[in-house]
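Below: one structure, written as structure tokens.
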Amino acid sequence: MIGPNRKYPTWTGRGCPSGARAGEGLERFGEARTPHPALPRAPSPARGEGAERAATWSNISPAFLAISAKRGNVEELVAVSAAAERGGLRPGMALAQARAMHPDLAVFSEDRAADRRLLEGIAEWCQRYTPLVALDAPDGILLDIAGCAHLFGGEQSLLDDLTARIADFGFTLRAAIASTIGAAIAASRHSAAAIVAPGAERAFLAPLPLAALRLPGDLVAALTRVGLKRIDDLIDLPRAPLTARFGPQLLRQLDRALGREPEPLQPRAPVAPYLAEQRFAEPIAREEDVLRVIEKLAARLEPMLERRGEGARKIELVLFRTDGVVRRIAVATSRRMRDPAGIRALFRERLDGLADALDPGFGFDLARLCVLLAEPLAAEQIDLGASGHAAELDRLVDRLSARLGSRRVTRIVAQDAHLPELAAMRVPAQAAVAGDNGWAAFRALRCAADLAPRPPRLLVKPEPIEAIAAVPDGPPVRFRWRRALHEVVAAEGPERIECAWWTEDGGGTRDYFRVEDQSGCRFWLFRAGLYRAIPAPAWFLHGMFA
Amino acid sequence: MLESPDRELASPAPPAPQGVLANLRRTLAPEFPQITADSALAFGIPALDAALGGGLATGALHEIAAAREAEIPAATGFALILAARNRGPLVWIAEDMALAENGAPYGAGLEDLGLAPERLIAVAAAKSRDVLWAMEEALASAAGGPGGPGAVLGEIRGGIDLTATRRLSLAAGRGRSLALLLRSTPATEPSAAATRFLVGAAPSRPLSGAIPMASGPGPPRFCVRLVRNRRGPLGAWMLEFDRVEQRFNAPADRESLAEAARDRPRQAASA
């Protein structure tokens, strides 16, 4: 059993077990549970337009606002503003009734997708506190702050910082810290407590209603019927009859909230094995500054990577804009690397090649460099022997991939397939290993099967042509491709390639011909199907020879 | 009586002081690299090698243009054969549009041209600007140290200006790799490239005595016209590529094309 003081991974270095407290439930509610994503054309405050949003709200004064959705056959209110709440409106009320009470009520329909996006945006922003962030849909966010709180001057100041910043964006929120996820959620949703001290879960939970245990509504109703209303009523009851009557979920939720049973947080994104970050008193905006910070952070990652004998294969830069937008930029490398100057050079290409320029807005106040993927890299011996040779090409591949995208810089790999378009595949050069890549096997097959020559260029898709053959199953005597007529003067073939008949949609037989036209241009044509077939087989042009 | 063009041009000018000439040579040196025997790839055709001053210079930019749009495959083949002759990997950079129109590099077919598919790095670029950038990067990498690309082949569909070719020329001059610019149409604009070839396909020789339709096409033939040459005369040649021996032959069964003009005062002044 893991007690309330369990240890969580932290965010500097790798799995540093220095944390003591875990679990923070953060919930926002108040004016309207999901205030503005449901507002038509209202900008998302997660994008930093809190002021505009406030303006939108004040334009629709008096602030009698509600969001409605269809529940069953009834149009109901799902969230109301503070003013409307004072006026007697409640979530769950029928819209018709609300309208009768307040004819000037402004109603917007619910947009769950937009709500979800907003919550994701806020969760992304919360990564500035800890890399372990999870959603508690539809309106909560969970942060694992074990080992992080001291970086912000303690739990209380972390809580204050977070509350103040989110309030600045224009949200109303309730935040709480506790040692278990269950207790944190109960504290934020069902109590006024902000921080539950470690070990005090039982005392804290005892007076709360059963709904605080995250139980389904019908279970709570059933418990209420037998007189169990508060968590206190439940804690000391014999466990076996409870489970027999109400199912295992009840006690599991209770145990989790009390810390008797571990409940892992499921973070939105995997936690990077290495990361380093830098906060700025004054936001930075210029690209050179960003690059300088990258080099500085990479220099801090280098000893960590070195100590474990690893090199980075995939690196991500996360930039937190002052207005809440989070920008992620990743680069991949073909070599395992940890050299700061090299990492900076890769990011320079990547930033230059961005389709949408890096928009700093009012500046970035936090930059974080994560190594998403690391692989073993032996200590390097500099400039001896042939190892430097491959490195030069790898550096080029990395530079090109960073700027153009890794899918655009490819090596060709032989595949075990007969169909020409499947026989060779282009794979990102960063992923492919230089060297054989399956071509030795292809050469052996080619010698053994005496394959006809293949063209150096293959059309991405075979193009249909109009062809006339002199004899059935013979090469065409003339054909028309891209509106030009070609008279065939020499032909070789057919080379019959059977498609994958053992699969359902394997396709038909192809007869390939190598032909030369009157001007000396050479083509690789094929007839799809046999002449016996009806309708008459179609001809295609697949490639061009030199 | 005919006078040598050199003397005709030189005689009216006052003799230049030695220092000025030496300075000028130094300034222009990076743009006009000296061709030496070890930095040139010989074709094995004496007339063509003589016109190029020993062979195709490495560490220089060469333009290879298709004689017409339909002959791009022939121009590609010619460029690949040349690229394969220099040691080291080949970086083939092409615009997306060129790949869609003319086909993408196909590994299994490269070997017939002497290029092992393992040596190829194929790069697709969205715009011609990216092609030029990637070429310059690749050439810089070739100059950066051993193990860089031995040849860089850029494929461009549109025009390219003098500044761009000069940049590529200078980048190529810093290393020993072969810089090739493959163009889909013959160009007339000025260029800083060392040579410009117009390449077309030519009907191959049918295999010995067989009915043409029944026998396959023979070894590929290229009709190669050297239309710009910084260091020597121009000319046109018919080349046949022997894929077994991996070399060019001058076909024996054809009349040779018009002999290259050795003496060309006008072109020399304008080229």
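Throughout, read-outs are computed from the coordinates displayed, never taken from laboratory work. Here the structure is a predicted model, which is why all the values come from computation and not from measurement. A quick note on method: Cβ atoms are made from the backbone with ideal geometry, for glycine too, and the neighbour counts reach across all protein chains shown.
Things worth noting here:
- Close amide H partners of A:Leu377, meaning residues 5 or more places away or on another chain with modelled amide H under 5 Å apart, are A:Glu310, A:Gly311.
- Note on region A:202-327: dipole from Cβ charges, positive end direction compared against A:Val318, A:Gly259, A:Ala221; the farthest Cα belongs to A:Ala221.
- The Cα atoms of region A:218-282 give a gyration tensor whose axes a ≥ b ≥ c have a/c of 1.5 or more with a/b greater than b/c, which makes the shape prolate.
- Pairwise centroid distance, computed over Cα atoms, of region A:112-144 with region A:345-374, Å: 22
- Magnitude of the charge dipole for region A:411-494, about its Cα centre and with charges confined to Cβ atoms of Lys, Arg (+1) and Asp, Glu (-1), is about 380 debye.
- Between region A:80-101 and region B:60-74, the Cα center-to-center distance that results, in Å: 76
- Here's how it looks for A:Ser109: its modeled amide H is under 5 Å from those of A:Ser68, which are all 5 or more places away or on a different chain.
- Footprinting exposure proxy ranking of A:Lys296, B:Lys127, fewest other C-beta atoms within 10 angstrom first, gives B:Lys127, A:Lys296.
- Placed amide H near B:Ala236: partners under 5 Å, 5+ positions off or other chain: B:Leu226, B:Ala260
- Residue order, fewest to most surrounding Cβ atoms within 10 angstrom, among B:His62, A:His418: A:His418, B:His62
- Model label sites at B:Ala250 and A:Arg230, defined 7 Å from Cα along the beta-carbon direction, differ in position by 10.9 nm.
- Between B:Asp161 and B:Glu69, the FRET efficiency estimated from the beta carbon spacing at R0 = 22 angstrom works out to 0.55.
- Across q = 0.11, 0.12, 0.17 Å⁻¹, region B:96-178 modelled as identical point scatterers on its alpha-carbon atoms has Debye log10 I(q)/I(0) values of -0.32, -0.39, -0.77, in the order of the q list.
- Dipole magnitude of region A:264-379, debye to nearest 20 (Cβ charges: Lys/Arg +1, Asp/Glu -1, about Cα centre): 440
- Cα centroid of region B:123-196 to Cα centroid of region A:465-521, whole Å: 36
- Least to most buried among B:Thr195, A:Thr163 (fewest other Cβ within 10 Å first): A:Thr163, B:Thr195
- Inter-label distance, nm, simple model (7 Å from Cα along the C-beta direction), A:Ile497/A:Asp289: 5.7
- Per-pair calculated FRET efficiency, R0 = 30 Å: A:Leu354 and A:Lys296 via Cβ, rounded to 0.05: 0.90
- Dipole orientation for region B:28-163: of the candidates B:Ala143, B:Asn102, B:Val123, B:Ala143 has the Cα lying most toward the positive pole (charges on Cβ; Lys, Arg +1; Asp, Glu -1).
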